[in-house]
DNA sequence: ACGATCACTGTAACCGCTTACATACGGAAT
DNA sequence: ATTCCGTATGTAAGCGGTTACAGTGATCGT
């Protein structure tokens, strides 16, 4: 019943006995108005419960205090944690995060970016560097600030905050090799339009070639981001002549799927099969045996990305890329052989 | 370099040789304009790459085609999946989801709601029913449509889409009792301002009382939503005189923490200790043994909530609450005793 | 042939806020 | 006292859409 329209700046002005300009100034540059006037205005504001109209502000300023992010999926924990960090930082700066997801599909991603741009976001946060040139062009046409996360800028000039996926995967593969494994297979994420997955494959390949081993159709499986896909991949690998003694996975979820399938195949981990993951999500620590994986500093990545976005937005140049170090987390799923 | 300002409706009008009103009509009520004119305008629009200014639209219509949601946390999968579904449905209807998180803190939640309201969201989606009256009042003052999820409206008149947490927990407890357990403990989520957690405790208590058993300080632990907290809770329970043979957990994450801690304590699940969860997140199926838990139809809940929100928004009344059924998922972590 | 009716389209007011510019005022310098 | 200047405030023109209302032809009935 009580649906009276919300107060506007004019109502505040009238009540405080000043002009709308003064009210606006109280809100946007408080020092420009005398302390006495200001307290008058502030009283009126709180009595009326006034709050500026978002659309009107966006129109007048051509600025929304919103940054948009497109992540591959909300359903899995990897991005959620990083984004949570981004959000924390942004909200300290009075900026809101508008979140969309693409389902790992570059076309969907482009569509979502378009939507975000229509809503006038002040900046864009995207995962990884691999996407069609047309997508980048669309963003550049509006010269929107953009920051890429989870990558280190190997193939793009856009500012990046992330880590070296390739080096991290190489380290993990070396670790597995150091444990005496020779028949090593990899279950990777889908590498098409996913540079994180692709770099991880390259990293593993680097280390294996250096040891005189090959990673090829015979011992490499790509699988979408799910437990089931990981399981299928393992079954495929195990149906080949040279069964691996270790499986390096492109992420923890695939590794969990692999471990589950191994159990179903009657293989015990790590006695019959060593398994490693990537990301170090919570899941990794509750598996039995616990998963050997690569720890990625999600939260620091998120904070830094947010900071960088705010910087760029406020005019200062994008500055250098930020590349974090990753750490190997050695747990029970990896065993020495030979 | 190419930072020319985006085209406005006037540019389109000029190019198509019509007035801005006609362009606007082409966009908003296409039937009101002659087909020939329309194609002229549409051509101009696509040549210029015109896209309406969000803020201007919001100002003129006093409507943002945005609905806001506040969830306790993005970091865990339960809400992510439901929200993903909400988003899918909304985006089909041309509406965007603006997401915020409260960290399970009612004060934070209120703050986030305020922020969303300032941004002019057309509706609100909240988790659960328990929150300070002042929060509800704030929303009602602006007569904003609101839908609650994950609950069944026991304590509120607001429209709800969810399930009966109490009944589901009761079913689970009965199942455990039917397996012969007598010394049963519960590790619940924090129940303050969290009706889901509270109802689940009540449900377990219902079933136990009916069996002549008590759930009290001696065999009930509350723990925040994390593996570690679940582990701590189990250690507490196990340090008491009457060690339980089964632990019913308020959610899967706590259950995973309990199972991990059990392992560390040298207890094997389910031989020494049965464990059950709630939510049936992916995690439940990769645990070893797999977790007996309650399946909740997250996706359908999300879809339905989105539909209801759109309905209310478009004027039709809120209609009845929707209550989904839950299912017990029986897996290896629960064993018969006695 | 003429007015009535209908289907489109144009004009311009308005949505609520910001801000360039004009104005008013008080005090310091002359 | 007059001029000048800086500070605080007011006035009003946008920002880019939507839409009530007015206007314009074309069509139709008589």
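The values are calculated or read from the model by the stated rules, or taken from the named source; none is laboratory data. Worth saying up front: this structure is predicted, and the values here are computed from it rather than measured. Cβ coordinates were reconstructed from backbone atoms using ideal geometry, including for glycine residues, and neighbour counts include every protein chain displayed.
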Can you pull out every residue in segment A:248-269 that is in a helix (DSSP H, G or I) and without any contact (Cβ under 8 Å) to a residue 24 or more places away in the chain? A:263
Residues that are away from every other protein chain (no Cβ under 14 Å) and either touching a strand residue (DSSP E or B) at 6+ places or on another chain (Cβ under 7 Å) or buried (at least 23 other Cβ atoms within 10 Å of the Cβ) (or both): does segment B:251-264 have at least one? no
May I ask you to verify whether residue A:55 is at pLDDT 95 or above and within 8 Å of chain B (Cβ to nearest Cβ)? yes
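So how many residues does segment A:25-34 have that are away from chain B (no Cβ under 14 Å), more than 8 Å from DNA strand D (Cβ to nearest atom) and in a helix (DSSP H, G or I)? If you could, list the steps in order and put the result at the bottom.
Residues of segment A:25-34 that are away from chain B (no Cβ under 14 Å), as a first pass: A:25-26, A:28-34.
Imposing the further condition that a residue be more than 8 Å from DNA strand D (Cβ to nearest atom) reduces the set to A:26, A:28-30.
Filter once more, keeping what is in a helix (DSSP H, G or I): A:26, A:28, A:30.
So the answer is 3.
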Taking segment A:217-233 and the residues there that are in contact with a strand residue (DSSP E or B) (Cβ under 9 Å, 6 or more places away or on another chain) and under 21 Å from residue A:174 (Cα atoms), the one that is surrounded by the most Cβ atoms within 10 Å (Cβ to Cβ) would be A:221
Can you work out which of the residues in segment A:57-74 that are surrounded by fewer than 18 Cβ atoms within 10 Å (Cβ to Cβ) and within 8 Å of DNA strand C (Cβ to nearest atom) is farthest from the chain's Cα centre (by Cα)? A:60
Which count do you get for residues in segment B:282-295 that are in contact (Cβ under 8 Å) with a residue 24 or more places away in the chain and surrounded by 22 or more Cβ atoms within 10 Å (Cβ to Cβ)? 7
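Anything in segment B:35-61 that is assigned to a helix (DSSP H, G or I) and near DNA strand D (Cβ under 9 Å from one of its atoms)? List them, or say none.
In the first step, residues of segment B:35-61 are kept if they are assigned to a helix (DSSP H, G or I); the result is B:35-48, B:54-61.
Residues satisfying the conditions are B:54, B:55, B:56, B:57, B:58, B:59, B:60, B:61.
Every residue, every condition in (1) facing chain A (nearest Cβ under 9 Å); (2) over 26 Å from residue B:253 (Cβ atoms); (3) modelled with pLDDT under 95, yes or no:
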site	(1), (2), (3)
B:95	no, yes, yes
B:107	no, no, no
B:113	no, no, no
B:141	yes, yes, yes
I need a count of the residues in segment A:29-53 that are near DNA strand C (Cβ under 8 Å from one of its atoms) and without any contact (Cβ under 8 Å) to a residue 12 or more places away in the chain. 1
Inside segment B:7-24, the number of residues satisfying the requirement of being surrounded by 14 or more Cβ atoms within 10 Å (Cβ to Cβ), near DNA strand D (Cβ under 7 Å from one of its atoms) and free of Cβ contacts under 8 Å to residues at least 12 places away in the same chain is 1
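Pick out the one residue from B:89, B:81, B:114 that is within 21 Å of the chain's Cα centre (by Cα) and under 30 Å from residue A:8 (Cβ atoms). Outline the logic, then answer.
Values: B:89 fails: under 30 Å from residue A:8 (Cβ atoms); B:81 fails: under 30 Å from residue A:8 (Cβ atoms).
Just one listed residue meets the conditions, B:114.
Listed residues A:157, A:210, A:133; which is surrounded by fewer than 20 Cβ atoms within 10 Å (Cβ to Cβ) and at pLDDT below 95? Break it down stepwise before answering.
Details: A:210 fails: at pLDDT below 95; A:133 fails: at pLDDT below 95.
Only one candidate passes the filter, namely A:157.
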So which of B:64, B:73 is within 16 Å of DNA strand D (Cβ to nearest atom), under 18 Å from residue A:100 (Cα atoms) and within 9 Å of chain A (Cβ to nearest Cβ)? B:64
Identify, please: which residue in segment A:306-338 is assigned to a loop (DSSP other than H, G, I, E, B) and without any contact (Cβ under 8 Å) to a residue 40 or more places away in the chain and is, among those, nearest to residue A:170 (Cα to Cα)? A:320
